[in-house]
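Okay, so here's the structure we're looking at.
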Amino acid sequence: MKITFPYMGSPIVYYKIFELLGHDVIEPPRPSQHTIQLGVKYSPEFACFPYKVILGSYIEALELGADTIVTAGGNGPCRAGFYNEVHRRTLQSLGYNANIIVFDSAFEDPRLFWHNIQMLKGNNSWAKVARVVYTVYRLAQAIDDLQKMVEIKRAYELKRGSFTKVLDQITQRCYKEVKTLQDVKQLHREGLTMLQAIPLKEIPESQKIRIGIVGEIFVVMESSINMNIAEVMGDLGCEVSRSMCISTWVDHNLPRFLGKSNKAILKASKQYMEIPIGGHEIENVGGIIDYKKKGYDGIIHLMPFACLPELVTQSIVPQISRDHKIPVLTLALDEQSGIANNLTRIEAFVELLRTKKIQMTV
Ligand code: SF4
């Protein structure tokens, strides 16, 4: 079995879980223009942008020799629930006979869930499976922790690119060196020390700009299709916090008694969204309000083209922005996105926030 997976956010996390269970793993290449072109070519025109990018990624990984795709299912009123079946049929029609293992909720189809677990377990003992899952969960937390630090401090780096360089080095070492929980802890410690040693500019607290990024999970987490927005904001001198990262996604998908759901965020969204509409809309709406409460200066809302939940959120955003007095910039992303156009809008947004801040402190 040569396993591949959807490329989203921190692929090392998915890579490691399969590798440590003893499988051959083929990581899809980081999504590129070629990936997007492949996805767009073979997807229904009205499919949402993440669907197309993931299809392109699967094709690239299958071309590299993968024969099994392991992915998560989707539930709720959005298209994610149909992704896998449509991907399967499209890949078949293109002549790829990939086995697709889909992890849906264990409560929906316990037998299928169990069958999937057994396939990935292979000849490993249950004790080893538990150890690997826990190690990789802690790896996800460690990577997120380092990434969060980078996304805050990058705004003040003296030499452009210093934080990104260290984060890339640590991630590459994780690929090679992580075998046990001790390795994760060691690399996490080393990463923190290296990041803390990077020289910073002195900026008065009153001039710091903090931006929260919310939106559809795939475009928030995957830098290759969100114009590398966290880095762009850092280069413009803004601290960034993303509402979604790999460990929050894992927590979100664990049963309530295991996962850490953020009750404050869920409660804050109630006024605007009474029922779930798919995607992570409740978290997004609550997240905007939560960022405001934490003193953030503005929000960037990322929505993939043809995403139904984000279209609904987009229609509520002006009201939330007025009620909570927080500026929100919505950016729609798809294969046609003009990067220069979006960058101009981002720069204008940051200038607006900076001017507002200066006026408030005068
Ligand atoms: S949330 Fe939007 S982009 Fe994501 S799968 Fe659902 S419809 Fe597609």
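Nothing in this text is a laboratory measurement; each read-out follows from the coordinates by a stated rule. Because the structure is predicted, anything quoted here is derived from the model rather than measured. With ideal geometry, Cβ positions are generated from the backbone for all residues, glycine too; neighbour counts draw on all protein chains shown.
Some notes on this structure:
- The stretch 137-202 - Debye-derived log10 I(q)/I(0), Cα point model, q = 0.16 Å⁻¹: -0.49
- Modelled FRET efficiency - R0 41 Å, THR355 with TYR175, Cβ distances, 0.05 increments: 0.40
- Longest to shortest principal axis, alpha-carbon extents of the stretch 2-124, angstrom: 40, 32, 28
- Residues with amide H under 5 Å from that of GLY298, placed H, sequence gap 5 or more: ARG210, GLY212
- For the stretch 262-362, the Cα gyration tensor yields ellipsoid semi-axes of 23, 21, 9 Å (square root of five times each eigenvalue, largest first, whole Å).
- Partner lysines whose Cα lies under 23 Å from the Cα of LYS52, excluding those fewer than 8 positions away in the same chain, are identified as LYS2, LYS41.
- Contour excess over end-to-end distance, with Cα ends at GLN319 and ASN228 and 0.36 nm allotted per residue: 30.0 nm
- Spatially near lysine pairs across the stretch 198-321, Cα under 25 Å, sequence gap of 8 or more or different chains: 17
- Centroid-to-centroid separation of the stretch 192-225 and the stretch 292-313 [C-alpha atoms, Å]: 17 Å
- Cα Rg, Dmax (largest Cα-Cα span) when computed across the chain, Å: 20.6, 67
- In terms of packing, defined here as the mean over residues of other Cβ atoms within 10 angstrom, the peptides 109-118, 52-61, 319-328 line up highest first as 52-61, 319-328, 109-118.
- With contacts taken as Cα pairs under 8 Å at a separation of at least 6 residues, the chain carries a relative contact order of 17 percent.
- Rounded if a/c under 1.5, otherwise prolate or oblate - the stretch 90-166, Cα gyration tensor axes: prolate
- Computed extension gain for ILE339 through ASP183, at 0.36 nm per residue and net of the alpha carbon distance, reaches 52.3 nm.
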